[in-house]
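Q: One structure, as structure tokens, below. Some questions next.
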């Protein structure tokens, strides 16, 4: 399947790409045409051939090598069943390896941990039950809906992993889209961008604060706040949280946290 997807996306890209282009537009139906021209079986889930390169996998080297130095190709939505390859400076959100992990007493119900069906579901559950959004953003937040599928103008259909609403001490209301990735999947600026676009369109009176969460080694959860700065997305904050039994947090560590909070 990976080789099949790569063959299809390569065909679509090079049939539309012209040297020097920074945007290459295409439609979903071009995947079907590419399969016919390559004389290969069409995948049962056509959309996954595009989705996998938008959020999970790196584009083929033949496509990446056409990008000038310092920029990368991504795929973003461009309307209903329409997409575009676009050159950007950053495409993936990667946790730092030199950041100290903050220990948090693990409040995840054991029965939830036992029956979570996937890394993403387990991650969302741990974030929810341990109120990591509240801790990370310093406000009170409540899960509103998960796996929200909706349509956004100029982007087409999108899916947000989980949506929170929140309030701070001054009474300001927030809408908080969560992007979650577990296993080998990588966080994407593309998904963060469409999450922000959705919240801006659907909740114009709320302040949008986009959060991305990633499982790391030793059950550490990396959390990022992504903000729109001009025409590009930037990481405004990054924290790492390690869920542990309460007894595993020493007096020395608590004293260190107190000093850092001053």
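What follows draws every value from the coordinates through simple rules; no lab data is involved. In this text, all values refer to a predicted model and were calculated from it rather than measured experimentally. In this analysis, Cβ positions are derived from the backbone assuming ideal geometry, glycine residues included, and neighbour counts consider all displayed protein chains.
Q: Using the count of nearby Cβ atoms within 10 Å as a rough guide to exposure, how do 73, 17 rank from fewest to most?
A: If I rank by nearby Cβ atoms, fewest first, I get 17, 73.
Q: Taking 0.36 nm per intervening residue step and subtracting the Cα-Cα distance, what contour gain separates residue 255 from residue 84 on full extension?
A: Contour length minus the Cα-Cα distance gives 56.5 nm.
Q: Additional query: Would you calculate, for the chain, the mean residue ellipticity at 222 nm contributed by helices, counting each DSSP H stretch of 4 or more residues as -39,500 (n - 2.57) and dividing by all residues, to the nearest 500?
A: Calculated at 222 nm, the ellipticity per residue is -9000 deg cm²/dmol.
Q: Could you give the Stokes-Einstein D for the chain in µm² per second, using the C-alpha Kirkwood radius, 25 °C, 0.890 mPa s?
A: 122 µm²/s
Q: For each of 27, 110, 6, count neighbouring Cβ atoms within 10 Å of the residue's Cβ, then give the residues from fewest to most.
A: Final ranking by Cβ density, sparse to dense: 110, 27, 6.
Q: Per residue, how big is the convex hull of the stretch 2-89 when only Cα atoms are used? Give it in Å³.
A: So the per-residue hull volume is 89 Å³.
Q: Something else now. Would you compute the Debye intensity of the stretch 74-168 from its alpha-carbon atoms alone, equal scatterers and no solvent, and pass along log10 I(q)/I(0) at q = 0.11 Å⁻¹ to two decimals?
A: -0.50
Q: Here's another thing I want to ask about it. For a quick check: sort 138, 22 by the number of other beta carbons within 10 angstrom, fewest at the front.
A: Listed from fewest to most nearby Cβ atoms, that is 138, 22.
Q: Compute the distance in nm between two label points, each set 7 Å from the Cα along the Cα-to-Cβ direction, one at residue 39 and one at residue 238.
A: 4.8 nm
Q: Another question, if that's okay. Note down the Stokes-Einstein diffusion coefficient of the stretch 149-262 in µm²/s, whole number, using a Kirkwood radius over alpha carbon pairs, 20 °C, and 1.002 mPa s.
A: 134 µm²/s
Q: While we're looking at this one, here's another question. Relative contact order for the chain using alpha-carbon pairs under 8 Å, separation at least 6, rounded to a whole percent?
A: 16 percent
Q: Could I ask something else about it? Who wins for biggest fluctuation among 126, 252, 103 in a Gaussian network model of the chain, springs between alpha carbons below 10 Å?
A: Answer for the Gaussian network model of the chain: 252.
Q: Which shape class, rounded, prolate or oblate, goes with the stretch 31-73 when its Cα gyration tensor gives a ≥ b ≥ c as root eigenvalues, a/c under 1.5 marks rounded, and past that a/b bigger than b/c marks prolate?
A: Since a/c reaches 1.5 but b/c is at least a/b, the shape of the stretch 31-73 is classed as oblate.
Q: Which peptide among 115-121, 57-63 comes first, and what is the full order, when sorted by highest mean count of other Cβ atoms within 10 Å?
A: Highest mean packing first, the order is 57-63, 115-121.
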